[in-house]
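One structure follows; several queries about it will come next.
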Amino acid sequence: MPTPTKGPRLGGGPAHERLLLANLATQLFEHRRITTTEAKAKRVRPLAERLITFAKRGDLAARRRVLTVVRDKGVVHALFTEIAPLMAERNGGYTRITKIGNRKGDNAPMAVIELVLEPLTAKQATVREAEAATKRAAKKAPAKKAATGVRAADVSSGPQVDEAQAVAEEAVGDTTAVEADEAVETAKADDEA
């Protein structure tokens, strides 16, 4: 009997394990959260997240790929029409595992695996925008300094620039990314002079 390549064995052979994980994924999509052992929760998480990624694509080929694992057409329909749109803004981390203690009968460690259906907050979107603006400013600054003949290492370090970057990062929540970039550029120009 061949041994599965990674993760703890869940009893029986590989075919039984595939069916067990498929059933756990089906129940997770149907009920949005299930209680199971920690080992099973950790093994079903990658499968469930991969199926959600297929559902986010939304095309016929993706639906057929999901149907090879999840055999219930009603659950697949719910996955594609209800769950996938809620996960559209997320780039991963669609599930959450919470440990809940041991089972009374055999003392097995138990966990709850659930879908993370909360939308991304505006704060997280602002942080992403600020990080992108900082990366853009970092890419523009060395290119401009190299064109003028001044080394980027001489310009980028300095207390005024560090303060301006801190002020710009705080200001991103109140202003736009363009204004934050302008604040960093003016501080660098002051540091040059």
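The numbers here are math on the coordinates, done by the rules we state, and not lab data. A quick note: this is a predicted structure, and the numbers were derived from the prediction, not measured. Positions of Cβ are generated from backbone atoms using ideal geometry, with glycine treated the same way; all protein chains shown enter the neighbour counts.
Which net charge results when you count Lys and Arg as +1 and Asp and Glu as -1 among the other residues whose beta-carbon is under 11 Å from that of PHE80?
Local charge sum for PHE80: +2.
Once you've got the Cα coordinates, tell me which of LYS42/LYS135; LYS56/LYS139; LYS42/LYS139; LYS40/LYS73 are over 28 Å apart.
Correct reply: LYS42/LYS135; LYS56/LYS139; LYS42/LYS139.
Continuing with this model, one more query. Can you give me the three principal axis dimensions of the stretch 68-120 from its C-alpha atoms, in Å, biggest first?
39, 30, 14
Compute the whole-percent fraction of alpha carbon pairs in the stretch 1-86 spaced more than 18 Å apart.
That fraction is 41 percent.
How large is the Rg to Rh ratio of the stretch 53-146 when both quantities use alpha carbon positions and Rh follows Kirkwood?
1.20
Need one number: nm distance between label points at ALA39 and ASN23, each 7 Å from Cα along Cα→Cβ, rounded to one decimal.
1.6
Report the gain in length on full extension from LEU86 to ALA125: 0.36 nm times residue separation, minus Cα-Cα distance, nm rounded to one decimal.
12.5 nm
Would you mind telling me the antiparallel percentage of the DSSP bridges in the stretch 1-130, rounded to 5?
100
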